[in-house]
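Student: Below you will find the structure I want to go over with you.
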Amino acid sequence: MAGKVDAVPDRANPLAPYLSVNNAAEMIDFYQRAFGAIESYRLMMPDGRIGHAEVKIGAATIMFADEFPEMGLLSPKSQSLARSPVALHLYVDDVDASYARAIAAGATSVRAPETEFFGERNAHLTDPSGHLWFISSQVELVTPEEMQRRLDAAANPTSG
């Protein structure tokens, strides 16, 4: 009998996204080129599909697999969604450079980088499987109270 093991594997965080993607092998390459991902491993199915893969982006683990329509597991792109209803938020050192690298790797721009009221430079893009990504860098320390004040001012430009 095996000894006691930790509930969370050493390689993982307690919460990690698990994505269904079009062509997992191509997505591993995309995540490497776009975000500097490091492949941890992949498990191949007898039919050639990737049944499970993990990459690390910084300290975060992202899990994913090829689509399995027979199990109802499809990427946003294959579901004909205009955009994924879920976003992955990635902090980077340089939003502009990361955005340009992701676009060059095959991402589609949703919103170019801009500095936001909440103290971050932020851009939005979709990966080739249709997953939405927010990439951000903190550029200013802003308290939640100041964020609310700025949001209120932006939402009501004639008041105040």
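Student: At 1.4 Å probe size, with the rest of the protein present, what percent of the exposed accessible area of the range 1-91 is carbon and sulfur atoms?
Tutor: 58 percent
Student: While we're here: Given a Förster radius of 30 Å and the C-beta distance between ALA97 and GLU146 as r, what FRET efficiency does 1/(1 + (r/R0)^6) yield to the nearest 0.05?
Tutor: Working: r = 28 Å, r/R0 = 0.92.
Efficiency, rounded to the nearest 0.05: 0.60.
Student: Residues of the range 105-142 with backbone nitrogen within less than 14 Å of a virtual label 7 Å along the Cα-to-Cβ line of HIS89, please, listed as ranges.
Tutor: 116-124, 133-139, 142
Student: Sticking with this structure for a sec: Hey, for a label at ALA16 modelled as a point 7 Å past Cα toward Cβ, could you say which residues of the range 60-78 have their backbone N under 14 Å away?
Tutor: 60-65
Student: Calculate how many DSSP beta bridges within the range 1-134 are antiparallel, expressed in % of all such bridges and rounded to the nearest 5.
Tutor: In the range 1-134, DSSP labels about 75 percent of beta bridges as antiparallel.
Student: Continuing with this model, one more query. Rounded if a/c is under 1.5, else prolate if a/b is larger than b/c, else oblate: which is the range 42-99, with a ≥ b ≥ c the root eigenvalues of its Cα gyration tensor?
Tutor: Working: a/c = 2.99, a/b = 1.46, b/c = 2.05.
Cα axes put the range 42-99 in the oblate bin.
Student: Sticking with this one: Taking the Cα atoms of the chain, report the difference between the largest and smallest coordinate on each principal axis, in whole Å and largest first.
Tutor: 65, 41, 29
Student: List the relative contact order of the range 61-145 as a percent without decimals, with contacts defined as Cα pairs under 8 Å and 6+ residues apart.
Tutor: Relative CO of the range 61-145 lands at 31 percent.
Student: Also, I was wondering about something else. Indicate the gyration tensor shape class of the range 1-73 (rounded, prolate or oblate), computed on the Cα atoms with a ≥ b ≥ c the square roots of the eigenvalues: a/c under 1.5 is rounded; otherwise a/b larger than b/c is prolate and the rest oblate.
Tutor: In terms of gyration-tensor shape, oblate.
Student: Moving on. Of all the stretches in the chain, which is the longest one without any exposed loop site, taking trypsin sites (Lys or Arg not before Pro) in a DSSP loop (any state but H, G, I, E, B) with at most 16 other Cβ atoms within 10 Å?
Tutor: Answer from the scan: 84-160.
Student: Just need the relative contact order of the chain here, percent rounded to a whole number, with Cα pairs under 8 Å and 6+ apart.
Tutor: 19 percent
Student: Say R0 is 25 Å: what FRET efficiency, to the nearest 0.05, do VAL5 and ILE38 get from their beta-carbon distance?
Tutor: The computed FRET efficiency comes out at 0.55.
Student: Compute the signed sum of charges (Lys and Arg +1, Asp and Glu -1) over the other residues within less than 10 Å, Cβ to Cβ, of SER40.
Tutor: Around SER40, the surrounding residues sum to +1.
Student: Around ARG83, what is the net charge, scoring Lys/Arg as +1 and Asp/Glu as -1 over all other residues with Cβ under 14 Å from its Cβ?
Tutor: Combined, the nearby Lys, Arg, Asp and Glu give +1.
Student: Tally Lys and Arg at +1 and Asp and Glu at -1 over the other residues with C-beta under 15 Å from the C-beta of ASP94: what net charge comes out?
Tutor: Net charge in that neighbourhood comes out at -2.
The values are calculated or read from the model by the stated rules, or taken from the named source; none is laboratory data. Computed from a predicted structure; not experimentally measured. So basically every Cβ, Gly included, is an ideal-geometry build from the backbone, and we count neighbours across all protein chains shown. These area figures cover heavy atoms from the full protein model, side chains too; ligands, DNA and RNA do not enter into them. Shrake-Rupley method; radii C 1.70, N 1.55, O 1.52, S 1.80 Å.
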